[in-house]
Amino acid sequence: MSIDQSDVTVITGKSFQFTATVTDATDTSVTWSVSSAIESDKGVIDQSGMYTSVDMNSLSASAATLTVTATSVEDNSKFDSINIKVEKKYYMIGINSSGDSDPAYLSVYNGKLYFSADGGINGYELCCYYETTGAVEEAADIYVGSGSSFSSYLTVYNGRLCFRVYTDTDGYELWIF
């Protein structure tokens, strides 16, 4: 029997699907386990082989080596193990493909991260980061067109996102989202 993957690196807080091949057996199912020299580094693996690493703050160093093992259900003397690496990764979210997006005034509202940034098309506008997809979208084009609203001083008040914006017509004003 063998684990089908090798040279696996998993980023903290992310998951990876392992598979195994069992030959010369009636029952080709396996049980999965993960081990580590440091218990807090190991994460979890379910019986379908889906491994989920610990979050970035739980990893004891910038990287850790773990052992993933698949054991034949039919014959537990048949098993395979591989070493995997779990790494902390800090990554950049690309907002403006033509230059500096200059994100500022970050605030969490309704479980999403809102901020002011230059997306490269409509100038500095209110943007939103979606953790589940990693996408950044313009939340509102307040100063319509290529002008900038310069959304700033974002804060949540009474369950609403409040911030300062600029338009040629009104100058700086309070907006509620």
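Structure values in brief
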| item | result |
| --- | --- |
| Using a Förster distance of 25 Å, the FRET efficiency for THR19-GLU74 (Cβ separation, nearest 0.05) | 0.90 |
| Efficiency of FRET between VAL144 and ASP102 - r from beta-carbon atoms, R0 25 angstrom, step 0.05 | 0.75 |
| Long-range HN-HN contacts of TYR143 with modeled amide H, under 5 Å | SER149 |
| Length gained when the stretch THR155-ASP55 is fully extended (0.36 nm per residue, less Cα-Cα span) | 33.3 nm |
| Table column - 3J(HN,Hα) (Hz), the stretch 40-54, Karplus curve with 6.51, -1.76, 1.60, x for Gly and Pro | 5, 8, 6, x, 9, 10, 8, 6, 8, x, 7, 9, 10, 7, 5 |
| LEU113 long-range amide H proximity, modeled H, under 5 Å | TYR129, GLU131 |
| Over the chain, relative contact order from alpha-carbon pairs under 8 Å, at least 6 apart, % | 15 percent |
| Matching label, mean projected area of the Cα convex hull in nm² computed from the structure shown, candidates [x] 14.1; [y] 17.4; [z] 21.0 | [x] |
| From phi via Karplus (6.51, -1.76, 1.60), per-residue ³J(HN,Hα) for the stretch 24-34 in Hz, x at Gly/Pro | 6, 8, 6, 9, 9, 7, 9, 9, 10, 8, 9 |
| Built amide H within the under 5 Å cut-off of LYS89, gap 5+ | THR12 |
| THR31/THR9 FRET efficiency (R0 25 Å; Cβ-Cβ; nearest 0.05) | 0.60 |
| Projected label distance in nm at SER81 and ILE38, using a 7 Å step from Cα toward the beta-carbon | 1.9 nm |
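None of the figures in this text is laboratory data; all of them are computed from the coordinates on show. A quick note: this is a predicted structure, and the numbers were derived from the prediction, not measured. With ideal geometry, Cβ positions are generated from the backbone for all residues, glycine too; neighbour counts draw on all protein chains shown.
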